[in-house]
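*Asks:* For reference, the structure I am asking about is given below.
The values are calculated or read from the model by the stated rules, or taken from the named source; none is laboratory data. These numbers were taken from a predicted model, which means no experiment stands behind them. Counting neighbours? That spans all protein chains shown, and the Cβs are built from the backbone with ideal geometry, glycine included.
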Amino acid sequence: MNSGTGKILLLIGLLLFFIGLLIFFFHDKMNWIGNLPGDLKIERPGFRLYIPFTTMILFSVLISLIIRIWSWQNK
């Protein structure tokens, strides 16, 4: 390991910390996450299936944009 790895781990830790704070303080305002059109929910007696297709696509696009902007800034 080198100092670059340490910096990346620190940034990931800080990011997770701030995401945790957002969820802790604003959890009641984030009811839309997981309830978007296209999220699959099947509930029957003794069986529950939940696959958040739209939410996963939305987060994937958001993470891809963040990574693309970060790599563009570090050229």
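*Asks:* Taking the condition of being of a type outside the set (A, V, I, L, M, F, W, C) and either in a loop (DSSP other than H, G, I, E, B) or touching a residue at least 40 places away in the same chain (Cβ under 8 Å) (or both), how many residues in the range 29-53 meet it? Lay out the reasoning, then the answer.
*Replies:* Going through the range 29-53, the residues of a type outside the set (A, V, I, L, M, F, W, C) turn out to be 29, 31, 34-35, 37-39, 41, 43-46, 48, 50, 52.
From what's left, either in a loop (DSSP other than H, G, I, E, B) or touching a residue at least 40 places away in the same chain (Cβ under 8 Å) (or both): 31, 34-35, 37-39, 45-46, 52.
Summing the residues that are of a type outside the set (A, V, I, L, M, F, W, C) and either in a loop (DSSP other than H, G, I, E, B) or touching a residue at least 40 places away in the same chain (Cβ under 8 Å) (or both) in the range 29-53 gives 9.
*Asks:* When residues of the range 1-34 are filtered for being loosely packed, with under 10 Cβ neighbours inside 10 Å, modelled with pLDDT of 85 or more and under 21 Å from I57 (Cα atoms), how many remain?
*Replies:* Adding up the residues that qualify gives 1.
*Asks:* Out of everything in the range 35-55 that is hydrophobic (A, V, I, L, M, F, W, C) and over 20 Å from the mean Cα position of the chain (by Cα), what residue ends up being surrounded by the fewest Cβ atoms within 10 Å (Cβ to Cβ)?
*Replies:* Selected residue: F47.
*Asks:* Another question, then. Name the pairs whose Cβ atoms lie under 6 Å apart, with the first residue in the range 56-75 and farther than 16 Å from I19 by Cβ, the second part of a helix (DSSP H, G or I), and 6 or more positions between them or separate chains?
*Replies:* Every condition considered, no pair remains.
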